[in-house]
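Worksheet: one structure, shown below.
The values are calculated or read from the model by the stated rules, or taken from the named source; none is laboratory data. Remember, it's a predicted structure, so these values are computed and weren't measured experimentally. Glycine gets a Cβ as well: all are built from the backbone with ideal geometry, and neighbour counts include every protein chain shown. Ligands, DNA and RNA are stripped out before the accessible areas are found, and what is left, the full protein with its side chains, is counted by its heavy atoms. Shrake-Rupley method; radii C 1.70, N 1.55, O 1.52, S 1.80 Å.
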Amino acid sequence: MGKGGEQGGDSGEPAAQIRFYTWEEIQKHNLRTDKWLVIERKVYNITKWAKRHPGGQRVISHCAGEDATDAFQAFHINPTLVQKFLKPLLIGELAPGEPSQDRDKNSQLVEDFRTLRKTAEDMNLFQASPLFFSFYLGHIIVMEVLAWLMISYFGTGWITTLILACILTTSQAQAGWLQHDFGHLSVFKKSSWNHIVHKFVIGHLKGASANWWNHRHFQHHAKPNIFHKDPDVNMLHIFVLGDTQPVEYGKKKLKYLPYNHQHEYFFLIFPPLLIPVYFQIQIISTMIKHRFWADLAWAISYYLRYFITYIPFYGILGSLCLLTFVRFLESHWFVWVTQMNHIPMEIDSEKHRDWLSSQMAATCNIEQSFFNDWFTGHLNFQIEHHLFPTMPRHNFWKVKPLVKSLCAKYGVHYEEKPLGKAFVDIVGSLKKSGDLWLDAYLHK
């Protein structure tokens, strides 16, 4: 037990005064007003600092009261730099008799996973290929130029406009996968360079906000498919997910919508409206509410470039309609690809598993092919991406056999399926959850 109070960490204290804490004590500090966490057996009080956390307040708060070593390693590409921020927050260490992992986690599995990460580092799998990402950005810019050249040359007939919309949708979807790479700090060795190019790609090429994306997406990575922690499974009562939520809703007689038909109305709500309506409102309101003025400026530069390019051909209203149609098409692409890895997997409340087990329960892979790699932005390697978020995606295939053998050793399920089956499974799992809701609603 910690000797004495919670006065935090002036690291200038003499070594003799080091405080020791048990897991039982640490786990009490997981409140909004009182947050501790453990990294490599050192105990930190992050209560006041969480608000200033560059990755967002929520993602770090989700780890309060637990061992955050693997999450810390997964998200930070320059741990020595981050240690500078940690030093003043240090309040003590785990007591010598305490295990390094909380809540009876399998310490051998955790150690083996950390060894695997070290092996991947030694194999240079965290080093990006400048050529890969240059070509990737290049093919997006080529599509944008091609789109403009096409209507300059062929005019604005229906067929040309339809082809134009498809080209712009493809460039938008691919820019979406590319901003994801920079957002995860997986391209440059320096965080600041990744952040700058991220703002350019998500802001100038897509008209969205880097901060909005970071704060949302990192939570998803830290706690995938966990209610109240992963924003991607907050369905605003429109859908019920997994096996437990539908039963809870059913027992409480909650019926915001007829959930037994959610696998049908999914097609009318989720793919068509996510980007053009929900994300659009969220992005603009977040930038204004949180005063992300740099993000707003980047987004405005996107809209200026778009309207300067297309108003001469389509007028103001026509350009707006074209943009909305492109967002509508992109939204279908985005939803099917991003949901195929997660919705059919386990979705539940916090289970406090180790990093490998929690990521594996929430993610699955799609078979590898050149088309699948390109179409999904390498999210067909979702398992490897979730285990190593800062790894450049062109290296996922190299680490995959190591991950599979580690999973086999500990009997952790490693799921991989064809693209078509992955799409069908989204609808199937929504139907299953809807049926569970109906049964509980009528009979429990």
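Report note on the peptides 288-298, 241-251, 356-366, 397-407: ranked by the mean count of other C-beta atoms within 10 Å, highest first, their order is 356-366, 241-251, 397-407, 288-298. For Glu66, enumerate residues with amide H under 5 Å from its amide H, sequence gap 5+ or separate chain, H modeled in the peptide plane. When sequence neighbours closer than 5 places are left aside, the close amide H contacts are Val38. Between the helical axis of 293-339 and the longest alpha-carbon principal axis of the chain there is an angle of about 60 degrees. Relative to the longest principal axis of the Cα atoms of the chain, the long axis of helix 396-410 makes an angle of roughly 40 degrees. In whole angstrom, note down how far apart the Cα centers of segment 243-290 and segment 165-227 are. What the calculation gives is 22 Å, centre to centre.
Residues considered: Ile383, Ile141, Ile275. Largest GNM mean-square fluctuation over the chain, using C-alpha springs under 10 Å, is found at Ile141. Residue-wise HN-Hα couplings along segment 224-241, as the Karplus relation 6.51 cos²θ - 1.76 cosθ + 1.60 with θ = phi - 60° gives them from phi, are x, 6, 10, 4, 6, 10, 9, x, 6, 9, 8, 9, 6, 6, 7, 10, 10, 10 Hz; Gly and Pro carry x.
Of all beta bridges that DSSP places with both ends in the chain, some 60 percent have antiparallel geometry.
Every helix of 4 or more DSSP H residues in the chain counts as -39500 (n - 2.57), and over all residues that averages to -18000 deg cm²/dmol at 222 nm. Rolling a 1.4 Å probe over the heavy atoms of the protein chains gives segment 55-197 an accessible area of 50 Å² per residue. Placing dummy labels 7 Å off each Cα toward the beta-carbon, the span from Glu367 to Leu31 is 5.4 nm. For Val43, the residues whose modelled amide H falls within less than 5 Å of its own, excluding neighbours fewer than 5 places apart on the same chain, are Ile91, Gly92, Glu93, Leu94. Computed from Cα atoms, the angle from the helix 130-154 axis to the main principal axis of the chain rounds to 20 degrees.
For Ala208, the amide hydrogen comes within under 5 Å of the amide hydrogens of Gly203, counting only partners 5 or more places away or on other chains and with H modelled in the peptide plane. What shape does segment 107-443 take by its C-alpha gyration tensor, where a ≥ b ≥ c are the square roots of the eigenvalues and a/c under 1.5 counts as rounded, a/b above b/c as prolate, and the rest as oblate? Verdict is oblate for segment 107-443.
Karplus-based coupling profile of segment 430-435, in residue order and whole Hz: 5, 5, 4, 5, x, 5, with θ = phi - 60° in 6.51 cos²θ - 1.76 cosθ + 1.60 and x standing for Gly or Pro. Considering only Val335, Asn234, Ile281, the residue lying farthest towards the positive end of the dipole of the chain is Ile281, judged by Cα position with unit charges set on Cβ.
Nonpolar atom fraction for segment 20-104, defined as the carbon and sulfur part of the 1.4 Å probe accessible area, stands at 53 percent. Taken one residue at a time, the phi angles of segment 195-202 give Karplus couplings (6.51, -1.76, 1.60, θ = phi - 60°) of 5, 5, 5, 4, 4, 5, 5, 6 Hz. Gly and Pro are set to x. Find which of Ala362, Ala147, Leu268 sits farthest along the positive direction of the dipole of the chain, computed with +1 on the beta-carbon of Lys and Arg, -1 on that of Asp and Glu, about the Cα centre. The Cα lying farthest towards the positive end belongs to Ala147.
The shape of segment 156-274 comes out oblate: with a ≥ b ≥ c from the C-alpha gyration tensor, a/c is at least 1.5 while a/b does not beat b/c.
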